[in-house]
1. Report, by residue number, each residue of the stretch 76-88 that is touching a Ser or Thr at 6+ places or on another chain (Cβ under 9 Å) and either at positive phi or away from the ligand (no atom under 12 Å from the Cβ) (or both).
2. Of all residues in the stretch 177-192, which are surrounded by fewer than 12 Cβ atoms within 10 Å (Cβ to Cβ) and either within 23 Å of residue 146 (Cβ to Cβ) or hydroxyl-bearing (Ser, Thr, Tyr) (or both)?
3. Look at residue 63 and say whether it is within 14 Å of the ligand (Cβ to nearest atom) and surrounded by fewer than 20 Cβ atoms within 10 Å (Cβ to Cβ).
4. Within the stretch 197-235, take every residue that is free of Cβ contacts under 8 Å to residues at least 40 places away in the same chain, in a loop (DSSP other than H, G, I, E, B) and within 14 Å of the ligand (Cβ to nearest atom) and give me the one that is nearest to residue 164 (Cα to Cα).
5. Going by the conditions given, is residue 171 within 11 Å of the ligand (Cβ to nearest atom) and surrounded by fewer than 22 Cβ atoms within 10 Å (Cβ to Cβ)?
6. Among residues belonging to the stretch 24-42 that are assigned to a loop (DSSP other than H, G, I, E, B) and more than 9 Å from the ligand (Cβ to nearest atom), point out the one that is surrounded by the most Cβ atoms within 10 Å (Cβ to Cβ).
Amino acid sequence: MKPEVIVALDFNEEETALNTVKLLLTQTKYFKVGLELFSVSCLEVVRKIRDLGGKVFLDLKYFDIPNTVCSAVREAIKSGAFMVNVHALGGRELLLRTSETVKETAYALGMEKPIVVAVTLLTSMDGSDLSILGIKESAESFVLKLSELAKNCGLDGVVCSAREVRKIKENFGKDFITVVPGIRPSWSQKNDQKRTATPEFAKESGADYLVIGRPITRSEKPLEVLSKIKKSLLT
Ligand code: C5P
């Protein structure tokens, strides 16, 4: 199965974000609203992207005490985002209660339950960053441990790097969703990402969603770049 491409709308102007959606809709209907755009436009931008025909991954990486996160998630999913996320490092109770809150809220609102995924280790971090934090494990085993926790707490999947996808699928089943940022075509720059991989590698590993921002949005021809990436996923 080919992965879907989610374009990260990391902009500080709503108009630029919406124009990007209009430009790219012929190639993908999946877009990501993260901390930057949310800080500018709040949840209203999610509704506007949906009105244009897009599906939104609301990437706010909630990380707080369970009560605060659940109250925030309850409000966030009213926007109609198809996918939301929390930090796996928030712990077992946070993950269990988030999973329950999303089910209950979606049921009460009569809407399809959004996908809930847990952020494991940011793709801008690797083993050396873990070691600075006093964590002696490799990035891979750390990600696998957090993935197991997320799975046991009823989440639908995780955000991880392409490098861990194969092992996650082997251990937790092919239906456990993997959302993969840090995607860099061979011809593009890494920027601040460390655990990077090409779209082709992510696809071969079995990733479900590829999150791609700057290689597309900061290029001179975003539509052409997205279309080139999509073609590379067909083979
Ligand atoms: O521009 P780039 O392709 O690096 O964008 C990646 C996007 O994915 C960013 O919006 C970033 O916030 C997000 N992300 C990430 N690593 C994670 C989770 C989300 O890079 N673990």
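1. Within the stretch 76-88, 77, 78, 84 qualify.
2. Within the stretch 177-192, 186, 192 qualify.
3. On the way: within 14 Å of the ligand (Cβ to nearest atom): yes; surrounded by fewer than 20 Cβ atoms within 10 Å (Cβ to Cβ): yes.
In short, yes.
4. Out of the qualifying residues, it is 198.
5. Values: within 11 Å of the ligand (Cβ to nearest atom): no; surrounded by fewer than 22 Cβ atoms within 10 Å (Cβ to Cβ): yes.
No.
6. By that ranking, first place goes to 28.
Since every read-out is calculated from the coordinates, none of them should be taken as a lab result. Just so it is clear, the structure is predicted and the values come from calculations on it, not from any experiment. Don't worry about glycine lacking a Cβ; one is built from the backbone with ideal geometry, like all the others, and counts go over all protein chains shown.
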